[in-house]
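The values are calculated or read from the model by the stated rules, or taken from the named source; none is laboratory data. These numbers come from a predicted model, not from an experiment. Counting neighbours? That spans all protein chains shown, and the Cβs are built from the backbone with ideal geometry, glycine included. Ligands, DNA and RNA are excluded from the accessible area calculation, which covers all protein heavy atoms including side chains. Shrake-Rupley method; radii C 1.70, N 1.55, O 1.52, S 1.80 Å.
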Amino acid sequence: MSIFLGIPVATLYQWRHARTGPPAVKIGRHLRFDWIDVEAWWDSQKAEQNP
């Protein structure tokens, strides 16, 4: 996920804490993402930047 977005893993954890990133489920110490949710979040980010 961080490779796809080009960001550090720590940023994903910060986004989850701030509730600004794509939805994730924490399993143990790790975040897991559903690709459908990531694509929906990605599309919403593009829509906000290009009204």
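Listed by first and then second residue, the pairs linking a residue in region 18-34 that is under 17 Å from Gly6 (Cα atoms) and of a type outside the set (Gly, Ala, Ser) to a residue that is assigned to a strand (DSSP E or B) and open to solvent by less than 80 Å² (accessible area, probe 1.4 Å), with Cβ atoms under 8 Å apart and 6 or more places separating them unless they lie on different chains, form an empty list. Being open to solvent by 100 Å² or more (accessible area, probe 1.4 Å) and of a type in the set (S, T, N, Q) is the filter; apply it to the chain and report the residue that is modelled with the lowest pLDDT. My answer is Asn50. Restricting attention to region 1-16 and to residues that are of a type outside the set (Gly, Ala, Ser) and in a loop (DSSP other than H, G, I, E, B), the residue that is farthest from Trp42 (Cα to Cα) turns out to be Pro8.
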